[in-house]
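One structure is given below, encoded as structure tokens.
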Amino acid sequence: MEQRAVEVASLTKRYGTITAVDDLSFTAEPGRVTGFLGPNGAGKSTTLRILVGLVAATAGSATIGGRGYAQHARPGAIVGAHFEGAFHPGRTAREHLRAYAPLVGASDARCDEVLEAVGMTDAARRRVGGYSLGMRQRLGLATALLGDPSVLVLDESANGLDPAGIKWLRSFLRHFADSGGTVLLSSHLLSEVEQTVDDVVIIASGALRHQSSLAQLRALARPAVRLVSPATDALADFVRARFPESGVIERAGQASIAGVSAADVGAAAYADGLEVHGLSEAGESLESVFLGLTGTESIV
Amino acid sequence: MSAAITSELRKLRSTRLWWVLLISMAVGVAFITGSIAFSFAFADELGGTSATGEPVMMDPLETARTVYSLPVSFGYVFPVILGALAVTSEFRHRTIDTTLLLAPSRARVIAAKFIAVLPFALLYGVVGMASGVAVGAGALMLGGEPTGLDSVEVWQMLGMSVVALTVWGVVGVGFGSALTNQVVVIVVLLGWTQLVEPIVRVALAFIEPVAGAAKFLPGAAGEAMAGASFYTSVGAGDLLSPWAGFAVLLGYAAIAGVIGWLVTFRRDIA
């Protein structure tokens, strides 16, 4: 498979006075699955739509294999993209694919091949209107694969998948990337794609907040201590008095305190006479690192 | 370009819309043509008068021609809706994303839709005319009027009527491109074709300085291609020549298509 990177450089998109994408730069490398993450409204879909030529950039550039999307002679054979929705409910999966097949020079056999690749052969003759969200996501991926591309651009493709679906998507994209493909997968939930991605690009309010490998993102997680007590009011008072900056009540009777050791928390609880039923060291969750980077407060 | 046309043909063929509309057209045209043909054929018994108060004293061949123009006068809404929905359903169901991803040239997508609607609209023309002529000729025969089906002139007119209905499908694609909201398009099309244009045509006929303008309205241009009109037979204005009507109707399609390209297709698809 020919290797093509996705490069976004100083990309800006303004709608009137609203800046949807703000001087954004990042790359997605061949052989890697890159998670493009951020809260709803962060500018993910807009960025991906600019990348594939559906939306015009105000400034900056977004290229695939060094060229803009429309500069490729047959872009559908280079880049496979899918956005949410995008199905006529009255068509079957096979009819949907065959309607687009001529545009990428795909045969009827190729349509059946991609249906099989996403495990949709049995549903191929059913109308899309009756599909579950997970089946639509599979058909979206099949549509993206139609032209046998080396780059996949997938908008929220893990959204609504059950754990088995997420596991399937992971192995599918892993295989695609291992054979030299580039995958850019957007999601508003890190937890949904945490098992799938190699690299992360995190944006908020249209601007880049973080880009690294997933391993480097994990390294940002601070150690934390989980404290469980049956005295819920006393626990809340204790956390407020002793760890006002770093402690949060996760739910009644359970607190999480970041950046300290279990020994420190245990000693303080003993000194304050708090009844403790559980005391354990646990890393800060990756999700809370993500929420911290995007500036969205954890609602716990 | 041929790939884009094949793609559009497959899109049209793979939903229920085209045959549901086609059956509706055959039934609707038969009903309207039948009702009016019977009232013409039995005008003597019913004591019918025209809109101007004169007794209906039409040349029998003219009566037949007017009856055979009814599928165009009242049936053109079906191919026009088919054409419009070929564009608007892409926006309604967001399939426009995939369409433009795989065919980034937006002008080419519109052009492919203009061409792909032709065979379908032609089928609508043939079926609509067959339905109208079968019922209309039957009614005329029952009323003892000549059917005119032995006249070459009538057959030429029927042929042009099929072409007129075909062109209406193309106008629909232009209209759908200019106004991509499906609900708005359906409401505007039904309102315009069933209510506004008929009223405007009748009203314009009575306003002397602008009386000539009515024949340039799209519905009148379509009827001009058929060479006869229920409206003109009841005294509401006159018609252009068939080929002038053809040109005017294509003009509407082209203008709508260009507006669609400028207004919608050049914009961001977000």
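The values are calculated or read from the model by the stated rules, or taken from the named source; none is laboratory data. Because the structure is a prediction, the values reported are computed rather than measured. As a convention, Cβ positions derive from the backbone with ideal geometry for all residues, glycine included, and neighbour counts pool all protein chains shown. Only protein heavy atoms, including side chains, enter the accessible area calculation; ligands, DNA and RNA are left aside. Shrake-Rupley method; radii C 1.70, N 1.55, O 1.52, S 1.80 Å.
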Round to the nearest 0.05 the FRET efficiency obtained for B:V188 and A:S212 when R0 = 60 Å and r is the Cβ-Cβ distance.
0.70
Per residue of region B:79-92, what does 6.51 cos²θ - 1.76 cosθ + 1.60 with θ = phi - 60° give for ³J(HN,Hα)? Whole Hz please, x for Gly and Pro, Karplus curve as stated.
x, 5, 5, 4, x, 5, 5, 4, 8, 5, 5, 5, 7, 5
Taking θ = phi - 60°, what integer Hz values does the Karplus form 6.51 cos²θ - 1.76 cosθ + 1.60 yield along region A:5-11, in sequence order, with x for Gly and Pro?
8, 9, 10, 10, 10, 6, 6
Two pseudo-spin positions, 7 Å from Cα along C-beta at B:S105 and at A:A73, lie apart in nanometres by 1.4
Partner shielding of B:9-17, as the mean number of partner chain Cβ atoms within 10 Å, equals 5
Of B:61-74, A:246-259, A:78-91, A:147-160, ordering from highest average Cβ density within 10 Å down gives B:61-74, A:147-160, A:78-91, A:246-259
Order the peptides B:262-268, A:288-294 from the highest to the lowest mean number of other Cβ atoms within 10 Å of their residues.
A:288-294, B:262-268
Each residue of A:222-231 has, on average, a number of other protein chain C-beta atoms within 10 Å of its C-beta equal to 0
Where is the GNM fluctuation largest for chain B (alpha-carbon springs, 10 angstrom cutoff): B:T88, B:T15, B:T166?
B:T15
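With a sphere of radius 14 Å drawn around the Cβ of A:R94, what net charge do the other residues whose Cβ falls strictly inside it have (Lys, Arg +1; Asp, Glu -1)? Present the calculation step by step, with values, prior to reporting the outcome.
Values: positive: A:R91, A:R98, A:R110, A:R125, A:R126, A:R127, A:R138, B:R10, B:K11, B:R13; negative: A:E95, A:D108, A:D112, A:E113, A:E116, A:D122.
Taking every other residue near A:R94 into account, the sum is +4.
If you take the alpha carbon radius of gyration of region B:2-265 and divide it by 2.2 N^0.38 Å, what ratio comes out, to two decimals?
Rg over 2.2 N^0.38 Å, computed on Cα atoms: 1.04.
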As a check on your grasp of the helix formula, calculate [θ] at 222 nm for chain B: sum -39500 (n - 2.57) over DSSP H runs of n ≥ 4, divide by the residue count, round to the nearest 500.
-24000 deg cm²/dmol
The farthest towards the positive end of the charge dipole of region A:23-169, of the residues A:L139, A:G65, A:A28, given +1 on Cβ of Lys and Arg and -1 on Cβ of Asp and Glu, is A:L139
Among B:W261, A:W168, what's the order by accessible area (1.4 angstrom probe), most exposed first?
B:W261, A:W168
Quick check on region B:193-270: take the gyration tensor over C-alpha atoms, sort the square-rooted eigenvalues as a ≥ b ≥ c, and tell me if it's rounded (a/c under 1.5), prolate or oblate.
prolate
Mean Cβ neighbour count within 10 Å, used as a protection proxy, ranking A:192-204, B:188-200, B:99-111 highest first
A:192-204, B:99-111, B:188-200
Distance in nm between pseudo-label sites at B:S241 and A:A59 (7 Å out along the Cβ direction from Cα)
6.0
Any idea how far apart A:A271 and A:R251 come out in nm if each label point goes 7 Å out from Cα toward Cβ?
3.1
Per-residue [θ]222 nm for chain A (sum of -39500 (n - 2.57) over DSSP H runs n ≥ 4, rounded to 500):
-9500 deg cm²/dmol
When we measure straight from the Cα of A:K13, which lysines land under 20 angstrom away, once same-chain ones fewer than 8 places off are left out?
A:K44
From highest to lowest solvent-accessible area (probe 1.4 Å; ligands, DNA and RNA excluded), B:E223, A:E95, A:E29 read A:E29, A:E95, B:E223
Along region A:52-60, Karplus-curve 3J(HN,Hα) (6.51, -1.76, 1.60; θ = phi - 60°) to the nearest Hz, with x for Gly and Pro, reads 9, x, 7, 10, 8, 6, 6, 7, x
Here the FRET efficiency for A:R14 versus B:N181, based on Cβ atoms and R0 = 22 Å and rounded to 0.05, is 0.30
